[in-house]
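Right, one structure below, let's go through it.
The values are calculated or read from the model by the stated rules, or taken from the named source; none is laboratory data. Just so it is clear, the structure is predicted and the values come from calculations on it, not from any experiment. Reconstructed Cβ throughout: ideal geometry from the backbone, glycine too, with neighbour counts over all protein chains shown. Keep in mind that these areas ignore ligands, DNA and RNA; they rest on the heavy atoms of the full protein, side chains included. Shrake-Rupley method; radii C 1.70, N 1.55, O 1.52, S 1.80 Å.
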Amino acid sequence: MNAQDAQTALHDIRRLQDKTRDELARQLFSLPYMALMAVGLFIGYASSDLPGSWDDVAVVLGFGLFIGVVVVQHLRMCRASVRPRFLWVPERLELVFYLSWAASPLVFFLVARWVAEALGLPATDTLAAAVTALAYVAATPLFRGIVKSIMQRQDGRG
């Protein structure tokens with residue numbers, strides 16, 4: 001094997017690693033799962049605008065759907081033939097990402113509700129929940145990019 005062959009093989013390996021990272025990030029944050037989680041967020045956050053005890057039912061249903069989808073997605077990735085390392089032992093950076101990913105809908109909802117109240121709009125929780133759910137789905141490419149950079153960093157290329 002000459003130097004040119006070795007360089008070509010190394011280039012192919014890196015290209016395939018990048019392709020694998022892209023696919024893993026796409027699977028981790030696939031649009032159907034993200035949309036189901038957004039529906040759960042909407043139901044859970046909009047529940048306080050419901051009358052009587054329906055709000056308790058909606059909170060359990062909405063956030064139960066969100067958590068259920070997260071668990072199913074995690075189990076699905078754990079059974080995949082190729083999986084990211086940080087599913088097993090998250091490092092500090094991954095832990096920060098997961099915590100901020102989990103907290104971001106609540107922060108966004110509170111800000112959206114505050115804006116809706118400041119504008120004097122009706123059904124502020126429902127409006128804020130809708131904005132939060134849409135923003136959550138719209139942030140999917142951002143989440144994918146962050147996960148890809150985490151995987152690159154783990155591989156020593158980031």
Paramagnetic label zone (point 7 Å from Cα along Cα-to-C-beta, Asp55; backbone N under 12 Å) in the stretch 117-140: 124-126
About the Cα centre of the chain, how large is the charge dipole given +1 on each Lys and Arg Cβ and -1 on each Asp and Glu Cβ? Please answer in debye to the nearest 20. 700 debye
How large is the Rg to Rh ratio of the stretch 89-158 when both quantities use alpha carbon positions and Rh follows Kirkwood? 1.15
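For the stretch 6-139, what % of the accessible area comes from carbon and sulfur atoms, probe 1.4 Å? Don't jump to the answer; show the numbers that get you there.
Details: 5760 of 8070 Å².
Result for the stretch 6-139: 71 percent of the exposed heavy-atom area is carbon or sulfur.
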Average accessible area per residue (Å²) across the chain - probe 1.4 Å, nucleic acids and ligands excluded: 62 Å²
Quote the relative contact order of the chain in percent (integer), defining contacts as alpha-carbon pairs under 8 Å separated by 6+ residues. 33 percent
With helices defined as uninterrupted DSSP H runs, which ones in the chain have an alpha carbon span along their own long axis of at least 30 Å and mean Kyte-Doolittle hydropathy of at least 0.5? 54-78, 92-118
